[in-house]
Amino acid sequence: MKQEKKLSISLEIEKRALQSLLHKVNEFYDNPANRQAFEAWEKSEEGKKYATTYGNI
């Protein structure tokens, strides 16, 4: 029972952390300047290299 409660608490903490992160990411990309900067980076050599390296994870 105690182990079950620990797991439940851990899952709740993880869920809240991920919800908070998602909220911040959406808030960041709601700003047109941030979205534009990301799109420019995505087309850059660094962005293409990143996509090639990590895009299939």
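The values are calculated or read from the model by the stated rules, or taken from the named source; none is laboratory data. A quick note: this is a predicted structure, and the numbers were derived from the prediction, not measured. We place every Cβ from the backbone using ideal geometry, glycine too, and count neighbours over all the protein chains shown. The protein model used for the area step is the full one, side chains on, heavy atoms only, and it has no ligands, DNA or RNA in it. Shrake-Rupley method; radii C 1.70, N 1.55, O 1.52, S 1.80 Å.
Couple of notes before you dig in:
- Where helices (runs of 4 or more DSSP H) fall wholly inside the chain, the ranges with 3 or more residues that are among the hydrophobic types (A, V, I, L, M, F, W, C) and modelled with pLDDT of 95 or more are 2-30, 32-43.
- Options E42, E12, E27; residue that is among the charged types (D, E, K, R) and open to solvent by less than 80 Å² (accessible area, probe 1.4 Å): E12
- The residues of the stretch 45-57 that are hydrophobic (A, V, I, L, M, F, W, C) and surrounded by 10 or more Cβ atoms within 10 Å (Cβ to Cβ) amount to a single one, A51.
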